[in-house]
Structures are given as C-alpha cells and as structure tokens.
Amino acid sequence: MKAVRYYSKKDIRVEDVAPPSGPLGDDMVLIEPLVCGICGTDLHEYIAGPIVTPATPHVYSGATLPQILGHEFSARVIETGRNVTHVKPGSRVSIQPLISPRDDYYGRRGLFHLSEKMACVGLSWEWGGMGERAVVNGYNVFPVPDTVSDVQAAMIEPAAVALYGVDRGGVTSGSSVLVSGVGPIGALVLLAVKAAGATTIFVSELNPNRRALAQQLVPEAIVFDPRETDALQLFRDHTEEGVGLDVALECVGAEASLNLCAEAVRRRGTVVQVGLHMKPAAVDAMLWALKDITVEATWCYPVQIWPRVASMIGAGILPVEKIVTATIRPEDVVEQGFEALLDPKASHMKILVDMKA
C-alpha cells in the first residue's frame with residue numbers, strides 16, 4: 001500500500017509498504033484513511049526531528065522509525081474486532097489518535113491524554129493517517145454523522161485542541177477575549193471563542209495574510225499587528241472602565257505573545273497557554289501577582305470532547321473547513337505540503353492530504 005513515511009529531519013518518503021495483515025485483535029479496528037491534515041507537530045518533526053517520533057521502540061506502543069505520518073484524519077471502517085460494537089464496516093469515522101493505558105494512574109481517572117506512556121497514531125504508533133490502511137484501537141474510532149463531511153471529520157482533532165483551550169479559559173456569552181497568534185490552532189481558537197459566545201474579540205497577529213483570514217473568519221473581530229498598535233490602549237478603549245479583557249489565549253508559543261496576554265487581561269482575568277513553547281519564556285511574575293490572574297496550561301485534550309466537537313461542526317457553529325487552504329495528493333506531500341507550509345511568503349493555513357486522490 002502507499003504510505004507517507006518519516007525517517008528523520010527533512011526526510012519524508014512516499015513508499016510502497018506492506019498493509020496490515022494477520023488476524024484483527026478483538027478490540028481493534030481496520031480502517032481506510034480518507035483525508036489527513038498536516039499538523040504543526042508534523043512540521044516540527046520535519047524541521048528538527050525526531051522529537052516525539054521514537055528513534056527506539058516506544059515504551060508503550062513499541063513503534064519506531066520509519067513512521068507513517070498523520071494523526072488528524074477521517075476514515076472508513078473496513079473490519080472490526082469482535083469486542084467493537086460502536087462502529088461497523090462502512091462507518092465513516094474521525095480518529096481520536098491518543099493511545100495510552102486504561103489502567104495507569106491517569107487512565108483510571110479518565111485523563112488518558114496525561115498518561116506518561118501516551119503514544120499517538122501517526123507519530124508513535126505503527127500506523128498513521130497518511131497510509132491507505134491502518135489498524136487502531138476501538139477507542140480511537142468515533143463515528144460521525146452525515147452532517148459532518150470527510151474534510152470536517154479530519155479537522156476534529158485540531159479543533160479539539162482549540163476548544164479545550166477555550167473551555168479552560170471559561171469563555172462564555174459576553175466574554176471579552178484576545179486570541180494571540182492565528183496559525184491553524186489560533187484560527188480554530190478564534191472560531192471556538194465565537195461559538196462560545198464571546199462578544200468582544202481581539203486578534204493579535206504579525207502575518208498580514210493571517211490577519212486577513214482572521215477578519216474573514218470573524219468579521220467583527222478587532223484584528224491588529226502588535227508591532228504597529230498600542231495594544232493596551234486598544235484593550236482599554238474597548239472594555240468597561242478600561243480594565244482589560246476577561247480571557248487571553250496564547251496560540252503562538254512565543255515569549256512576547258505570552259506576556260502580551262498577561263498584560264491584556266483584567267485583574268482576576270485568565271490567560272490560557274495553548275501554543276507549545278520550544279524554549280523557556282521570561283515572564284513578569286509580579287504582574288501576574290498584582291493582577292491576581294489565573295494562568296491555565298493545556299496539553300492535547302480530554303478524549304471525551306470528540307462527540308461535542310463533531311456536534312458543533314455538524315450544527316454549523318464551528319466551521320472548521322474555512323481554515324483549509326489546499327488539498328493535495330500524497331505524492332505531493334513534501335513540496336506542496338510541508339515546504340509550502342514553511343514558506344514565509346505563502347498564505348497557506350491548513351493543508352490536507354486526500355488519501356483517495
């Protein structure tokens with residue numbers, strides 16, 4: 001079968017590999033991937049990896065390089081193990097890619113995303129969404145309704161990251177919110193704060209193409225370049241008594257962005273760290289104390305969020321497909337996918353790989 005495999009830094013190959021074979025485990029599902037997104041994590045692996053892709057067998061899954069990529073994807077069920085009853089052959093599904101013990105400290109508490117042994121389909125599992133076949137656990141497979149397209153089903157995974165951050169911030173009807181950074185996750189956070197009922201929404205972004213997309217996604221948002229705008233004055237001008245915002249979501253993983261969020265919120269406001277920092281950040285801890293703020297950090301998402309995200313997409317209140325800027329063939333994944341996303345002059349936001357093309 002055809003598969004996109006990661007070997008090492010700047011080494012991704014489209015190859016013919018053996019498909020899954022042998023008896024299917026009682027709790028396993030054989031699937032046919034349909035549409036798969038290229039994630040920021042995939043880009044980090046391509047630029048500087050291996051980072052999370054295991055160069056030696058993974059402690060829980062046993063997977064090692066080369067790795068079939070793809071953890072944001074939709075699929076069709078081909079076969080199910082005898083213990084799997086919630087889907088059947090032919091079911092359209094979205095893949096929740098996190099794999100972890102059900103019986104460790106976190107698993108017993110339903111916090112599967114926090115397990116120290118966690119693996120991930122497409123990163124540290126034998127199979128991935130950029131292959132023509134894959135085997136996953138029954139708990140990785142969520143059926144989607146007809147109101148959710150294959151493209152939308154592939155976008156549930158990154159949307160879950162975004163919605164979890166919005167949940168942790170306590171964004172609700174009438175909230176005033178800053179979204180700092182409009183990469184793919186930031187764009188989905190922007191859609192999620194709108195869906196949550198935020199009424200005053202600010203967007204800070206350096207890239208003019210991304211600022212334009214943010215304005216298209218939420219026309220009433222106040223979008224600005226923090227290098228050219230007095231952001232704190234802007235927040236004062238648009239909040240009651242100039243006190244600042246209720247919630248700020250940091251979606252870049254940059255020190256300056258994190259500090260802007262802390263400055264933006266009012267006293268007793270909330271800052272949510274959604275973007276992943278690749279190095280330590282210097283912060284003004286005294287400002288945090290003086291303002292009595294709450295700082296929330298997020299890692300992945302609680303896996304139970306999947307049906308809720310699908311429901312929001314199906315109802316039309318979380319239009320995740322609007323951030324997709326290209327759909328490509330697996331054979332073009334390096335030049336038209338990874339390299340295109342890394343081009344600073346390009347206007348791409350989210351690129352999907354059509355596994356049926």
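The values are calculated or read from the model by the stated rules, or taken from the named source; none is laboratory data. Remember, it's a predicted structure, so these values are computed and weren't measured experimentally. Every residue, glycine among them, receives a Cβ derived from its backbone with ideal geometry; neighbour counts consider all protein chains shown. SASA here: full protein model, heavy atoms, side chains in, ligands and nucleic acids out. Shrake-Rupley method; radii C 1.70, N 1.55, O 1.52, S 1.80 Å.
When the helices in the chain are scored as -39500 (n - 2.57) per DSSP H run of 4 or longer and the sum is shared across all residues, what 222 nm value do you end up with, to the nearest 500 deg cm²/dmol?
Theoretical 222 nm ellipticity from helices: -7000 deg cm²/dmol.
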Q: List the residues whose amide H sits under 5 Å from the amide H of Glu79, counting only those 5 or more places along or on another chain, with H placed 1.01 Å from N in the peptide plane.
A: Leu30
Q | Radius 15 Å from Cβ of Ala282, net charge of other residues (Lys, Arg +1; Asp, Glu -1) | A | -3
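First compute the accessible area of the chain with a 1.4 Å probe, then give the percent of it belonging to carbon and sulfur atoms.
Values: 7980 of 15410 Å².
That share works out to 52 percent.
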Q | Simple spin-label estimate for Met286 and Val243 in nanometres, 7 Å along Cα-Cβ | A | 2.5
Q: Mind grabbing the accessible area of Arg329 for me, 1.4 Å probe, Å², rounded to tens?
A: 110
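How large is the accessible surface per residue of the stretch 1-90, computed with a 1.4 Å probe and reported in Å² as a whole number? Please report the intermediate quantities before stating the final value.
Values: 4130 Å² over 90 residues.
Value for the stretch 1-90: 46 Å² per residue.
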Q.
How charged is the neighbourhood of Ser180? Take every other residue with its Cβ under 11 Å from the Cβ of Ser180, and add Lys/Arg as +1 and Asp/Glu as -1.
A. -3
Q: Place +1 on the Cβ of every Lys and Arg and -1 on the Cβ of every Asp and Glu in the stretch 59-184, take the dipole about the Cα centre, and give the residue among Tyr106, Gly165, Phe73 whose Cα lies farthest towards its positive end.
A: Tyr106
Q: With only Lys, Arg, Asp and Glu charged, each at its Cβ (+1 for the first two, -1 for the last two), find how big the charge dipole of the stretch 178-330 is about the Cα centre; round to the nearest 20 debye.
A: 520
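Calculate the dipole size of the stretch 85-213 relative to its Cα centre from +1 charges on Lys and Arg beta carbons and -1 charges on Asp and Glu beta carbons; express the result in debye to the nearest 20. If you can, show how the numbers build up before the last one.
Working: 11 positive and 10 negative charges, 39 e Å.
With Lys and Arg at +1 and Asp and Glu at -1, about 180 debye.
Around Ala75, under 14 Å between beta carbons, what's the net of Lys plus Arg minus Asp minus Glu among the other residues? Before the final figure, lay out each step's value.
Numbers: positive: Arg76, Lys88, Arg92, Arg133, Lys356; negative: Glu32, Glu72, Glu79, Glu132, Asp150, Glu157, Asp354.
That works out to -2.
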Q: Quick one: order Arg267, Arg82 from most to least accessible surface, probe 1.4 Å.
A: Arg82, Arg267
Q: Give the accessible surface of the stretch 124-215 per residue, rounded to a whole number of Å², with probe radius 1.4 Å and ligands, DNA and RNA excluded.
A: 29
Q) Among all the aspartates and glutamates, which ones have a C-alpha under 19 Å from Lys117's C-alpha, if same-chain residues fewer than 8 places away are not counted? A) Asp103, Asp104, Glu126
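Among the DSSP beta bridges whose two residues both lie in the chain, what percent are antiparallel, rounded to the nearest 5? Don't skip to the answer; put the middle values down first.
Values: 32 of 57 bridges.
Looking only at bridges with both residues in the chain, the antiparallel portion is about 55 percent.
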